Structure formats: structure tokens, C-alpha cells
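*Asks:* My questions will all concern the structure given below.
The values are calculated or read from the model by the stated rules, or taken from the named source; none is laboratory data. The shown structure was predicted, so the numbers you read here are calculated from the model rather than taken from an experiment. Here the Cβ positions follow ideal geometry from the backbone for every residue, glycine too, while neighbour counts run over all protein chains shown. The protein model used for the area step is the full one, side chains on, heavy atoms only, and it has no ligands, DNA or RNA in it. Shrake-Rupley method; radii C 1.70, N 1.55, O 1.52, S 1.80 Å.
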Amino acid sequence: LVDFGAGDGRFCAEFVRAADALKTQLFVVAYEVSVGALRALKRRCVKNLGYTCSDEVSLTNGKVTLVLCQGGPLENPTQVCTRLVQCLPENTNNFDMVLSGWGSTSAIPDLPGQPQRQLAFDTAFAHLAPVLLQIVSSPNNFLKPQSEFQRLRFSTRTPGTIARLRLATTPGSFYYPVAEHEYFYTAVSAQEEHERLLSAGFSRIHLRACNVASFRDLTNNPVLAKLETLVLFYINRDDKRALEAILFRAVATAAKRGVHWGTRPLRRCSPLFRKDQTLIHQLARYIISISVSFINTTTDRRRQ
């Protein structure tokens, strides 16, 4: 397994649970461009998850073996994949899955001479493993920064505008603030993600909504988290009528007036959702895709 954009080890506990559930051992290459993030990942695994260090870049807890792989932010997909393959154990030719979680792909900007880098990485993943699990940010996320950078792209290109845009020159790209820093990000719709994965060489593509409310609110509000679970069920079924009914009831309950407002019943005057777009497209902040590579499955059949 490749954990692309591993960060500070946000999935490491899940890898242990997956190994237990599957009753197997997992071999994970944690790829990250940030030295600080890899150090934090190592600390988390040793302190909280019972890992021991085999050497400077390898950790294990008997169920999961983690190999840390540091890359560079300017590397192209071929260079990254070469690094990853070099981390494989002996007598192993390829990975079973690439995991690009919570916006790792969304944080890849285009560079001079390297257009459409996100598509290029997806294409590289299709050659690297037969399955890709990817989570990307949608246009429903970070609305204010998106609007600001869209306005900048359409404004007159002055030295000040160019300096403010930096690498956010393509549609959907922007920077958002975190503490005293700004981070590059990209919004991609469900339709765009589906088309991009097809172009990259994936054949069977399954899209799901990851979340509607923010992760911060979901973590701090158990009631909201329960409502989110119910809402996601109907979003991923694209059941607009059922979701409208649930939201109608939720608003009425929140108003503490049942389904009446004063002496008059609450009424839905018009549909809440567009008929020509899926609920995933209209509501999901992050989109999960699980895709099977046509390139890799064909290669596997030829080997057999």
C-alpha cells in the first residue's frame, strides 16, 4: 500500500485495525514531502501505536510495516513512482493500492513546464497499483478563498495580482489560511473527478460523499455527527426527496415547533436540490473515489 501524502500519520491507526480485520500483515510506504510531518508520524507510531524502529526509515508493530519515503515538492510523477518502487520488499513488483487521502492530490499545483500535474499523478497511480482510493476537495469547500482567487484570476494582471495568485492560476485553485501560513488547494467537482480518473486509465470508478459538515464541527458535536451519517446515506443514494423530508423535519425540530410555525404548518415552497445534478455534486465537501485501473488489471492478466 502507498500512503501518498501521509502527513503526520493520520491513517496509521487505521492500518493496524485493517490488518487485524483482514488477519494479515500490511506493508505501507508512507510518502511525504515534509520532513517535519514524517518526524511527527514516527513519533505518533512509536508513542501511541506500539511501533518500534527497525532503522531510520522503517517501523513495525508486528502487524504493519511502515517505510518512510521523503520526496520533493518539485518532483514529477515518474520520479515519485521510482522512489516508491524502490521501497518495495525484494521479489515484489508492484503495490496493491494507492491511498491519496484528504486532499493530498488537491494540494498538487501545476508548475512551469508541468501542466495538469494532478492528472499526471493519477495516471502514474494507475500504473503503480490496480486500485486507487482518493479523497479530493470539492467546490463546496472553502467557499470564501475560492471566490477571492476566482476574482483575482479574472481581474487585470498587475504585479500585485500576480504576486497574490502565486501558483493559483488554474480554475478552482486557491490558497487558504492555517494559523500564520497559507496552503495551496484545488476544488474539483464530482463530474470533473470522474472524467479525470477515466483519462488517467481507471475503468471502474465509484464516487461517494465523504462529508457535508466540517470535520471540526463533526468532531465537536455528536448530534451533528449522527445527522451527518443519516444525510450521507441519502446523498450517496442520490435520494433527493428523502433528504428534503429529513431536512424539513430537522428544521422544524430545531425551531421547536414540530411541523407548524405558530398556528400554520411549515411548507416547502420549492425543491431544495437541483434535478440536473447529483447530491454528491451539490453537497459534498470532500469526495471519495475508489477506482480500478484498466492498465494495471490488463497487465496482471498478461502475467497470469
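*Asks:* Using alpha-carbon pairs under 8 Å, 6+ residues apart, how would you state the relative contact order of the range 75-209 in percent?
*Replies:* It comes to 26 percent, rounded to a whole number.
*Asks:* If you don't mind, another one. What does the net charge come to around residue 111 if you take all other residues with beta carbon closer than 11 Å to its beta carbon, with K and R at +1 and D and E at -1?
*Replies:* -1
*Asks:* Counting Lys and Arg as +1 and Asp and Glu as -1, what is the net charge of the other residues whose Cβ lies under 15 Å from the Cβ of residue 40?
*Replies:* Spelling it out: positives minus negatives among the neighbours equals +3.
*Asks:* Starting from the Cα of residue 82, step 7 Å along the direction of its Cβ; do the same at residue 274; then give the gap between the two resulting points in nm.
*Replies:* Reported label-point gap for residue 82 and residue 274 is 4.4 nm.
*Asks:* Where the centre of each part is set by its Cα atoms, how far does the range 28-42 sit from the range 96-149, in angstrom?
*Replies:* The range 28-42 and the range 96-149 have Cα centres separated by 18 Å.
*Asks:* Follow-up. Show me the GluC sites (Glu not before Pro) within the range 54-103 that DSSP assigns to loop and that have at most 11 other Cβ atoms within 10 Å of their Cβ.
*Replies:* 56, 90
*Asks:* Picking from 124, 171, 104, whose Cα lies most toward the positive end of the charge dipole for the range 102-175 (charges on Cβ: Lys, Arg +1; Asp, Glu -1)?
*Replies:* The residue sitting most towards the positive pole is 171.
*Asks:* Hydropathy at least 0.5 by Kyte-Doolittle, axial extent at least 20 angstrom from the Cα trace: which helices of the chain, defined as entire DSSP H runs, fit?
*Replies:* Values: long enough: 222-237 (23 Å, 0.86); 240-254 (21 Å, 0.73).
Those that pass (Cα extent of 20 Å or more, hydropathy at least 0.5) are 222-237, 240-254.
*Asks:* Further, regarding this structure: Taking a ≥ b ≥ c as the square roots of the Cα gyration tensor eigenvalues, with a/c under 1.5 meaning rounded and otherwise prolate when a/b beats b/c, else oblate, which class fits the chain?
*Replies:* prolate
*Asks:* Still on this model: Work through the residues other than residue 67 whose Cβ is under 14 Å from its Cβ and net out their charges, Lys, Arg +1 and Asp, Glu -1.
*Replies:* Residues near residue 67 contribute -3 overall.
*Asks:* If you don't mind, another one. Of the heavy-atom accessible surface of the range 13-67 (probe 1.4 angstrom), what whole percent is carbon and sulfur?
*Replies:* 54 percent
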